[in-house]
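Reading through the structure tokens given below for one structure.
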Amino acid sequence: MRTPLIAGNWKMQGNAAQATSLVKNILASINRLPNVELLVCPPFVHLPLVKQLLSNTPLHLGAQNLSAEASGAFTGEIAGPMLKDIGCEFVLVGHSERRTLFGEDLPLVAAKFKAAQDAGLTPILCIGETKEERESAETENVLMQQLTSVMKLVGINAFKNAVIAYEPVWAIGTGLTATPDQAQSAHLFIRQLISQNNIDIGKSIRILYGGSMKPDNAAALLSMPDIDGGLIGGASLVAESFLAIGSAAERELAA
Ligand code: PGA
């Protein structure tokens with residue numbers, strides 16, 4: 001049984017007061033969701049503040065990015081060991097905004113995945129196709145490339161301690177969502193790729209869906225057999241909608 005994971009990616013949004021009230025509002029109702037793991041990924045500068053607020057609660061903490069290097073003269077970068085040191089457990093790796101807007105290529109994403117694990121963090125590896133790639137029937141090729149470039153560097157066993165997020169680029173922040181069937185078929189493809197290398201890891205790895213997941217479409221997506229949670233952008237900035245997605249995951253478990 002895979003524990004559902006509902007992760008909030010706040011991106012570059014909110015000041016300290018907003019981060020504080022968002023976390024407090026999530027914590028006020030988190031006990032209603034005992035069987036779902038909830039995670040927030042605030043901007044770097046709010047991590048210590050959020051860590052303080054969620055200490056000794058079931059809410060988990062992650063970062064949105066990390067350097068591929070562990071330390072050194074890399075102005076403006078943040079290293080995995082620093083994130084671990086301030087209490088992060090998870091880190092997003094290869095989010096499509098990093099790949100497209102900041103030029104993160106396959107080798108760099110793979111190196112960041114490795115850096116996360118070397119620092120004792122659980123990477124959430126984001127993969128997904130663009131609209132053009134989907135329309136030219138390249139989706140599975142793209143997913144395979146994005147996954148195998150990491151697998152080649154770290155080996156399949158590294159995926160024991162990792163999460164994958166399938167995020168079709170055309171659905172991120174656009175209000176367009178993959179249909180439950182489209183998402184399920186991508187998730188199944190990803191799981192089969194992992195299973196071909198290690199059947200137990202294939203069964204146990206959590207694969208999240210991301211891309212305009214909202215309270216009104218979450219239940220249908222989360223009811224699919226290979227969708228184990230969500231990576232939520234916009235809807236994670238409002239405690240009520242983030243919690244509503246958590247409740248949808250909780251209801252799916254009971255169904
Ligand atoms: P969205 O973002 O929910 O706003 O589409 C998802 C993501 O970028 O992880």
Legend entry - Helix-only CD estimate at 222 nm, as mean residue ellipticity for the chain, using -39500 (n - 2.57) per DSSP H run (n ≥ 4): -13500 deg cm²/dmol
Legend entry - Inter-centroid distance (Cα atoms) of segment 121-162 relative to segment 23-49, Å: 27 Å
Legend entry - Other-chain or far-sequence residues with amide H under 5 Å of ILE78's (modelled H): SER67
Inset, instruction - List, in order, the whole-Hz ³J(HN,Hα) value for each residue of segment 227-236 obtained from phi through the Karplus relation with A = 6.51, B = -1.76, C = 1.60 and θ = phi - 60°; use x for Gly and Pro. - result: 9, 10, x, x, 10, 10, x, x, 6, 8
Inset, instruction - Using a Förster distance of 25 angstrom, determine the FRET efficiency expected from the C-beta separation of ALA220 and THR174, and round it to 0.05. - result: 0.90
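Full extension from GLU135 to ALA255: what is 0.36 nm times the residue separation minus their Cα-Cα distance, to one decimal in nm?
Working: separation 120, 0.36 × 120 = 43.20 nm, distance 3.46 nm.
Result for the pair: 39.7 nm of gain on full extension.
Quick note: the coordinates plus some simple rules give every number you see, no bench work behind them. Because the structure is a prediction, the values reported are computed rather than measured. A quick note on method: Cβ atoms are made from the backbone with ideal geometry, for glycine too, and the neighbour counts reach across all protein chains shown.
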